[in-house]
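Trainee: Got a structure for you, questions after.
The values are calculated or read from the model by the stated rules, or taken from the named source; none is laboratory data. Note that the structure is predicted; figures quoted are calculated from it, not measured. Positions of Cβ are backbone-derived with ideal geometry, glycine not excepted, and every protein chain shown enters the neighbour counts. Protein only, heavy atoms only, side chains kept; ligands, DNA and RNA dropped before computing areas. Shrake-Rupley method; radii C 1.70, N 1.55, O 1.52, S 1.80 Å.
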Amino acid sequence: MNSSASVSLPILLLLAALSSAQAYDFFYFVLQWPGSYCDTKQSCCYPTSGKPAADFGIHGLWPNNNDGSYPSNCDPSSGFDKSKVRGLLSSLQSNWPTLACPSNDGTNFWAHEWEKHGTCAESVFNEYSYFKTALDLKSSLNLLQSLQSAGIQPDGGYYGLKSIKDAIEQGTGYTPYIECNVDGSGNSQLYQVYLCVDSSGSQLIECPIFPRGKCNSQIEFPMF
């Protein structure tokens, strides 16, 4: 009996460690406006597939905890394998484009997102289903249409932060968090939109907690 216990204890400890490493309460689903990524002092580079559409692109699907902490890089043995998402590559290029310099095909971006964030939800997703879930979430939303229906256009004009939040909430049914960055002149602009997804990755929920950050009351919605 002692022998059996001594064999099983390391296994139990390993399982407990894995469970702890991958514990999280919900996901942030983060969408990025490409015009704001590019309209900075650092500028941007279009991917090798060409200039992305003037639409919000996926930044990531990030496991997060209700206290604001989050797990990361949970499984170093599970590196990104492009062959596992071969059937999604066209959709990833269109909906999850890279704008980093130097110009590239997006593989580094997707690898970073899987290895830092996706591996922390391996109890729910494998690599393929992680990316497929994010793509499906984006297809179920149309942030740009929600904003345009409220008269908010990516025309370089300035719009009320509350109006932007209200338009997205009206379109999605859930309260967003808006992240701003600044353009080359230091003007606050609409950069990223955070919505929250339950721990199974299956449906949007109201965010238990929002990231910290600050936008001006009037923010620019730059062209792209």
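Trainee: Looking at the range 76-86, which of the residues that are open to solvent by 40 Å² or more (accessible area, probe 1.4 Å) and not in a helix (DSSP H, G or I) is nearest to residue 131 (Cα to Cα)?
Mentor: Across the range 76-86, the extreme among qualifying residues is 81.
Trainee: Inspect all residues belonging to the range 162-183 and state whether any of them is of a type in the set (Gly, Ala, Ser) and farther than 19 Å from residue 206 by Cα.
Mentor: No, the range 162-183 contains no residue that is of a type in the set (Gly, Ala, Ser) and farther than 19 Å from residue 206 by Cα.
Trainee: How many residues does the range 37-52 hold that are touching a helix residue (DSSP H, G or I) at 6+ places or on another chain (Cβ under 8 Å) and either closer than 28 Å to residue 121 by Cβ or modelled with pLDDT under 95 (or both)?
Mentor: Count: 3.
Trainee: Pull out all pairs, ordered by first then second residue, where Cβ-Cβ is under 8 Å, the residues are six or more apart or on different chains, the first lies in the range 157-181 and is of a type in the set (Lys, Arg), and the second is part of a loop (DSSP other than H, G, I, E, B).
Mentor: Pairs found: 162/217; 165/175; 165/176.
Trainee: Can you tell me which residue within the range 21-74, out of those that are of a type in the set (Val, Ile, Thr) and open to solvent by less than 50 Å² (accessible area, probe 1.4 Å), is farthest from residue 92 (Cα to Cα)?
Mentor: Among them, the one singled out is 40.
Trainee: Quick check on my filter: what residues within the range 37-75 are touching an Asp or Glu at 6+ places or on another chain (Cβ under 6 Å), closer than 20 Å to residue 195 by Cβ and part of a loop (DSSP other than H, G, I, E, B)?
Mentor: Selection gives 65, 66.
Trainee: Among (1) open to solvent by 20 Å² or more (accessible area, probe 1.4 Å); (2) part of a strand (DSSP E or B); (3) of a type in the set (A, V, I, L, M), which single condition is residue 219 missing?
Mentor: Every condition holds for residue 219 apart from (1).
Trainee: In addition: Within the range 87-192, which helices (runs of 4 or more DSSP H) (wholly inside it) include 1 or more residues that are of a type in the set (Phe, Trp, Tyr) and open to solvent by 60 Å² or more (accessible area, probe 1.4 Å)?
Mentor: Answer list for the range 87-192: 127-140.
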